[in-house]
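> The structure follows.
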Amino acid sequence: MTVRLEPEHLVLQARDVRFDWADVPLHWIPGDPVATHLINVLHMLLPAGEEWFVRVFKEALPRIRDERLREDVLGFIGQEAVHASSHDGVLDHFQEQGLDVRPFLRQVEFVFEDLLGDRGATGDRARAWLVERISIIAAIEHFTGVLGDWILNADALDAAGADPTMLDLLRWHGAEEVEHRHVAHDLFMHLDGSYAARLRAMAQTITMLTLLWSRGHRFLMARDPLLNGRVRGGLHHLRRTGPAGLTPDRRMVGASIVRYLKRSYSPLGEGSTSQALAYLAASPAARAARR
């Protein structure tokens, strides 16, 4: 795998952004509610998931012995907190449009707060549970980095007339995922680095994300007030939307998993920091906030 030459010594920081959802339609990819909702599942997964990231990384801070890594983790925490609140705004917009996602959100919260939450352990058990959760976060962050790179280059969404505000949210978020794509992996390698643990975490992550994404899409398609249940959701739709460029392609995601499973894997081989920073400098929401 070729590791690109990238800017060095970046200081990760949360960016102030503002999004106005007032004019964003429910089907923000015109005429394609299936592809719209395949991406909309992200809005339901990310707030609870990224709040969980923040809690776990804060728990890890006292165990970090490298000052540069500590700075990166603090920057990661700040960015993830802003991501979670930004996607909450989309969920409020769904509610205003008659799409009540609260029942599914409760299921997502159960996964991250109960199944993957603090178990009250102490000593070696506490450390083992912390490292296991960080290994899962590192696997999830592999996918968010890959998806971030995809959305930055998803020209088919522009050609399809996708809503520019929604695209800006997704690309701003995706760009920051590319920017900090190495942090969770670096933290895991600093605290443990076991190849077996990395493989186990990827298997767990694939299972969890596949189930949540499939269930979430079926939920959105069934509850969409404009569809009245006429179209059944599910990941089988990726056979059309992926090759069309409207959603990530399964083969692209599968190839990224193969790369992750190599002992030589480096997150810096996924995406381009330079491209991410260029988008972050030009993002309409970030520029509006600076003004």
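The values are calculated or read from the model by the stated rules, or taken from the named source; none is laboratory data. Bear in mind that the values here come from a model prediction, so they are computed numbers and not experimental data. Cβ atoms come from the backbone with ideal geometry, glycine included; neighbour counts cover every protein chain shown.
> If I ask for residues that are at pLDDT 95 or above and either in contact with a His (Cβ under 8 Å, 6 or more places away or on another chain) or exposed (fewer than 13 other Cβ atoms within 10 Å of the Cβ) (or both), which ones from the stretch 26-49 would you list?
PRO30, GLY31, PRO33, VAL34, ALA35, THR36, HIS37, LEU38, VAL41, LEU42, HIS43
> Then there's this: The conditions are (1) free of Cβ contacts under 8 Å to residues at least 12 places away in the same chain; (2) within 18 Å of the chain's Cα centre (by Cα), and ARG125 fails exactly one of them. Which is it?
Result: ARG125 fails condition (2) only.
> Here's a follow-up. Return yes or no: is ARG251 charged (D, E, K, R) and over 18 Å from LEU152 (Cβ atoms)?
Criteria met by ARG251.
> Separate question: Take the residues of the stretch 195-243 that are surrounded by fewer than 13 Cβ atoms within 10 Å (Cβ to Cβ) and in contact (Cβ under 8 Å) with a residue 60 or more places away in the chain: which is farthest from VAL34 (Cα to Cα)?
Step by step, filter the stretch 195-243, then rank; the result is TYR195.
> Now a separate question. Would you check which residues across the stretch 94-104 are surrounded by fewer than 17 Cβ atoms within 10 Å (Cβ to Cβ) and part of a helix (DSSP H, G or I) and list them?
Matches in the stretch 94-104: GLN95, GLU96, ARG102, PRO103.
> Please enumerate the residues belonging to the stretch 228-254 that are closer than 22 Å to ARG102 by Cβ and touching a Leu at 6+ places or on another chain (Cβ under 9 Å).
GLY233
> Is at least one residue of the stretch 157-167 under 16 Å from the mean Cα position of the chain (by Cα), within 20 Å of ASP20 (Cβ to Cβ) and part of a helix (DSSP H, G or I)?
yes
> Go through the stretch 251-278 and give me each residue that's more than 17 Å from the chain's Cα centre (by Cα), closer than 21 Å to ALA203 by Cα and among the hydrophobic types (A, V, I, L, M, F, W, C).
ALA255, VAL258, LEU261
> Which of the residues spanning the stretch 114-130 are touching a Lys or Arg at 6+ places or on another chain (Cβ under 9 Å) and either under 19 Å from THR207 (Cβ atoms) or surrounded by 17 or more Cβ atoms within 10 Å (Cβ to Cβ) (or both)?
LEU116, GLY117, TRP129, LEU130 - these are the residues of the stretch 114-130 that are touching a Lys or Arg at 6+ places or on another chain (Cβ under 9 Å) and either under 19 Å from THR207 (Cβ atoms) or surrounded by 17 or more Cβ atoms within 10 Å (Cβ to Cβ) (or both).
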